[in-house]
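Take a look at the structure below.
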Amino acid sequence: SGTCRNLTSDNASCGACGRACTATQACVSGVCVGQGSLRFTLTWTTNGDMDLHVRPPCGTEIYYGSRSACGGTLDRDDTSTRGPENIYWNASYTPGRYYVCPEAYTSAVAGTTWMRSPKGGWLV
């Protein structure tokens, strides 16, 4: 339609023109991921398998081996490109300390630079 769009972050054109995320999703790196009252998203700079691990105040870790706990859900596990990996709470979350750990699952990403979203601290 003659409008410039950023296909990596535009909710109306996520990854391709006209591919819209739903109202409960956000566009990250051209992929629609879940969002809600709290969201942790990880991307990285080298193709390969990084893993996002989050341990909420209830103490049960959320990661690829345990995709849902304490109200949080891992809805995106990228094993071959640069992410995103995404864990979110679509309803309320427990305030407190959330431990977030990006882990290189393969040696291909051992020295990669990773980015997190939201920026800033994760004491909620």
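Out of (1) open to solvent by 60 Å² or more (accessible area, probe 1.4 Å); (2) within 30 Å of CYS4 (Cβ to Cβ); (3) at pLDDT 95 or above, what's the single condition that is false for ARG19?
(3)
Just name the residue that is nearest to the chain's Cα centre (by Cα) out of those in segment 74-86 that are surrounded by 19 or more Cβ atoms within 10 Å (Cβ to Cβ) and not charged (D, E, K, R).
ASN86
Please verify whether TYR93 is crowded, with 16+ Cβ neighbours inside 10 Å and in a strand (DSSP E or B), treating the condition exactly as stated. Show your work before the answer.
Values: crowded, with 16+ Cβ neighbours inside 10 Å: yes; in a strand (DSSP E or B): no.
Answer is no for this residue.
Checking the condition more than 11 Å from the chain's Cα centre (by Cα) and without any contact (Cβ under 8 Å) to a residue 40 or more places away in the chain, which residue from GLY71, GLY48 passes? Don't jump to the end; show me each part of the working.
Working: GLY48 fails: without any contact (Cβ under 8 Å) to a residue 40 or more places away in the chain.
Result: GLY71 is the single residue among GLY71, GLY48 that is more than 11 Å from the chain's Cα centre (by Cα) and without any contact (Cβ under 8 Å) to a residue 40 or more places away in the chain.
Quick one: in segment 27-37, of everything that is surrounded by 14 or more Cβ atoms within 10 Å (Cβ to Cβ) and in contact with a strand residue (DSSP E or B) (Cβ under 6 Å, 6 or more places away or on another chain), which residue is nearest to TYR93 (Cα to Cα)?
Step one: filter segment 27-37 for residues surrounded by 14 or more Cβ atoms within 10 Å (Cβ to Cβ), giving 27-36.
When the remaining residues are screened for being in contact with a strand residue (DSSP E or B) (Cβ under 6 Å, 6 or more places away or on another chain), the result is 28-29, 32-36.
Numbers: VAL28: 22, SER29: 25, CYS32: 21, VAL33: 18, GLY34: 15, GLN35: 12, GLY36: 10 Å.
Selected residue: GLY36.
Testing GLY71 on (1) in contact with a Ser or Thr (Cβ under 8 Å, 6 or more places away or on another chain); (2) of a type outside the set (D, E, K, R); (3) modelled with pLDDT of 95 or more; (4) crowded, with 20+ Cβ neighbours inside 10 Å, one condition comes back false. Which one is that?
Unmet for GLY71, out of (1) in contact with a Ser or Thr (Cβ under 8 Å, 6 or more places away or on another chain); (2) of a type outside the set (D, E, K, R); (3) modelled with pLDDT of 95 or more; (4) crowded, with 20+ Cβ neighbours inside 10 Å: (4).
Quick check on segment 38-56: of everything there that is among the polar types (S, T, N, Q) and more than 19 Å from ALA91 (Cβ to Cβ), which residue is most open to solvent (accessible area, probe 1.4 Å)? Let's see the steps before the verdict.
First pass over segment 38-56, keeping only residues among the polar types (S, T, N, Q): 41, 43, 45-47.
If we keep only those that are more than 19 Å from ALA91 (Cβ to Cβ) as well, we get 43, 45-47.
Working: THR43: 23, THR45: 61, THR46: 50, ASN47: 85 Å².
Only one residue tops the list, namely ASN47.
Could you list, in sequence order, all residues of segment 2-16 that are surrounded by 14 or more Cβ atoms within 10 Å (Cβ to Cβ) and at positive phi?
GLY15, the sole residue that qualifies.
The values are calculated or read from the model by the stated rules, or taken from the named source; none is laboratory data. Being a predicted model, the structure only gives us computed values, none of them experimental. Heads up, the Cβs are rebuilt from the backbone with ideal geometry, glycines too, and the neighbour counts pull from every protein chain shown. Remember, those area values only see protein heavy atoms, side chains included, never the ligands or the DNA or RNA. Shrake-Rupley method; radii C 1.70, N 1.55, O 1.52, S 1.80 Å.
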